[in-house]
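Some notes on the structure that comes next.
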Amino acid sequence: MSNPAQSATPKILLVGQQDRDIDFSWLYQHVESLDYVVVETLNKKSIKALPSTLKRLNHSHYDRVILDLPFAKVVRFTQFLQTINGLIVFEEDACQNFLPESRWHGAFATYYKSLPNAQIIVTGHGTAKRLAAQGIASRVIPKGFDQSVLRNDGSRRDIELGFIGRTRSAVYSQRRALLDAVDKAIGVKLLRTESRAEYNSALNRIQMFLSADMGIGEYMAKNFEAMACGCTVIASKQGDGEESALGFSDMENIVLYESAEEAIDKIRLLQAQPELAAKIAAAGEQHVRNNFSHQHIADQLIALARAPFTAATARKPTWIERLSLR
């Protein structure tokens, strides 16, 4: 006898966070427009009390529970999460599992192994391969851009080479070194923005966007965002099949480098051939708009949630766990 949750459209609860680093407001609204999906965005207080929060949301009434919450805030609730059937963990930072300089080095794999009842979604194909080598199955939904905010507005680009983002964290030590090397040789405008509108405006001022994420293992959202805004993106090649999986082609829709020296050489080539830079930017913009918008992320996430569930059945809570949640 078939399980109704496998044959019919499953009821889905998506639990997200308020004040998310990458704003998913449009994505959440789009998903919630589906009549079989309920979206709840939690504040910090509600996340700190996650077991009681999910009980209040009647999580057991749903066939799928998608958690789009920060790893650092939910890892301490592993035992409780083991009791949730249809659990899907959507994680954008799992690449840190493989970064020795990250405080979470190795922690994601330990967490995933303790959740046999969960389907894991990560944002990098290389990350998924590395997890698979440790016996952890995962699916991939790459990062993308918010098409409701980020666009090429055709304004004058008065910054030849620019970067927007953080550089002070230990996780970004290679980023800082790359930026310093290129800045010394050519000059790079480093920017910080405070709002999504300001971010869009800044990207529209940049001709060539230097993406400095060396050694991360996957492509961060800024690559897709800058491409969507019409920048010629110059990015560190992540390897391990990541480029072919994303449809990134060097010197066609993106510019790839494997060292600071190669980045400098290619930037100088583009400076000498602005028509080539413009051609790459146009191809990159078209490519990400066709494949990596938040619309695409939402559609892939829901498609995975609607598919037959392949993870193990959740364990039953102990009487102490049931008592503590009354």
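General observations
- For GLY239: the one exception among (1) surrounded by fewer than 24 Cβ atoms within 10 Å (Cβ to Cβ); (2) over 22 Å from the mean Cα position of the chain (by Cα); (3) small (Gly, Ala, Ser): (2)
- Residue in region 86-96 that is touching a residue at least 24 places away in the same chain (Cβ under 8 Å), buried (at least 20 other Cβ atoms within 10 Å of the Cβ) and more than 28 Å from PRO308 (Cα to Cα) present: yes
- Conditions (1) of a type in the set (S, T, N, Q); (2) open to solvent by 50 Å² or more (accessible area, probe 1.4 Å); (3) touching a strand residue (DSSP E or B) at 6+ places or on another chain (Cβ under 6 Å): number failed by SER60: (3)
- Residue within region 30-52 that is over 28 Å from ARG196 (Cβ atoms), open to solvent by less than 30 Å² (accessible area, probe 1.4 Å) and not in a strand (DSSP E or B) present: yes
- In the set (1) in contact (Cβ under 8 Å) with a residue 60 or more places away in the chain; (2) over 16 Å from ILE216 (Cα atoms), ALA109 fails one condition alone, (1).
- Any pair with Cβ under 7 angstrom, 6 or more apart, that starts in region 305-320 at a residue that is open to solvent by less than 70 Å² (accessible area, probe 1.4 Å) and ends at one that is of a type in the set (Val, Ile, Thr): ALA305/ILE12; ALA305/ILE66; ALA305/ILE88; ALA314/THR83; ALA314/ILE84; PRO317/THR83
- ALA197, sole failed condition from (1) farther than 23 Å from HIS294 by Cβ; (2) open to solvent by 40 Å² or more (accessible area, probe 1.4 Å): (1)
- When residues of region 63-78 are limited to those that are touching a residue at least 40 places away in the same chain (Cβ under 8 Å) and in contact with a Pro (Cβ under 9 Å, 6 or more places away or on another chain), the one surrounded by the most Cβ atoms within 10 Å (Cβ to Cβ): ARG64
- Any chance ALA228 is at pLDDT below 95, open to solvent by less than 10 Å² (accessible area, probe 1.4 Å) and either within 19 Å of the chain's Cα centre (by Cα) or among the polar types (S, T, N, Q) (or both): no
- Any hit, region 66-82, residues being aliphatic (A, V, I, L, M) and in contact with a His (Cβ under 9 Å, 6 or more places away or on another chain): no
- Residue check, LEU13 within 21 Å of LYS316 (Cβ to Cβ), at pLDDT 95 or above and in contact with a His (Cβ under 8 Å, 6 or more places away or on another chain): yes
- Total residues in region 63-77, condition over 15 Å from the mean Cα position of the chain (by Cα) and part of a helix (DSSP H, G or I): 6
- Subset of region 251-290 [of a type outside the set (A, V, I, L, M), open to solvent by 20 Å² or more (accessible area, probe 1.4 Å) and either touching a Leu at 6+ places or on another chain (Cβ under 8 Å) or within 25 Å of ALA177 (Cβ to Cβ) (or both)]: GLU258, SER259, GLU261, GLU262, ASP265, LYS266, ARG268, GLN271
- Test: ASP23 is part of a loop (DSSP other than H, G, I, E, B), open to solvent by 30 Å² or more (accessible area, probe 1.4 Å) and in contact (Cβ under 8 Å) with a residue 60 or more places away in the chain: yes
The values are calculated or read from the model by the stated rules, or taken from the named source; none is laboratory data. Worth saying up front: this structure is predicted, and the values here are computed from it rather than measured. In this analysis, Cβ positions are derived from the backbone assuming ideal geometry, glycine residues included, and neighbour counts consider all displayed protein chains. The accessibility values were calculated without ligands, DNA or RNA, using every heavy atom of the protein model including side chains. Shrake-Rupley method; radii C 1.70, N 1.55, O 1.52, S 1.80 Å.
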